[in-house]
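Report on the following structure.
Please treat every number below as a calculation from the coordinates, not as lab data. All values derive from a computational prediction rather than experimental measurement.
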Amino acid sequence: MELYAPVFVLAGIGAAFVAVSMLVGSLAGPKRYNRAKLQSYECGIEPTPQPAGGGRFTIKYYLTAMLFIVFDIEIIFLYPWAVHFDELGVFGLVAMVLFLVNVSIAYAYEWRRGGLEWE
């Protein structure tokens, strides 16, 4: 249990920092609320009412989300592979090449569908 003591101490320091920061911010921050400040912010555009069903999102939203997820997963797998590259040998290299081929297919699909083009 003594091996985890530094982790618990660091977590305690982090939690204390968050609590003190929130407390000081709420006590020292300005409290000037008005109608414009309480409205939702939509990039300077007047908020529009949503349809009853919630409305439709364009395909660009989903393509951007898919692109983020694909590259996020790629980074999650590439870091441990890079750290243990010497120990994995040829098997690790072949496995990573196959993984990168799969990611490249997803990237090509995203590119072909126009997910990388902004209007």
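The HN-Hα couplings worked out from phi for region 68-84 by the Karplus form 6.51 cos²θ - 1.76 cosθ + 1.60 (θ = phi - 60°) are 4, 5, 4, 6, 5, 5, 4, 5, 4, 8, 6, 5, x, 5, 5, 5, 10 Hz, whole numbers, x standing for Gly and Pro. Using the Karplus relation 6.51 cos²θ - 1.76 cosθ + 1.60 with θ = phi - 60°, the per-residue 3J(HN,Hα) values for region 5-21 come to 4, x, 5, 5, 5, 5, 5, x, 5, x, 5, 5, 4, 4, 5, 5, 4 Hz, with x marking Gly and Pro.
Shown here is the pair-distance distribution of the chain: with all Cα-Cα distances grouped in 5 Å bins from zero up to the longest one, the shares run 2, 8, 9, 9, 8, 10, 12, 14, 13, 9, 5, 2, 0 percent.
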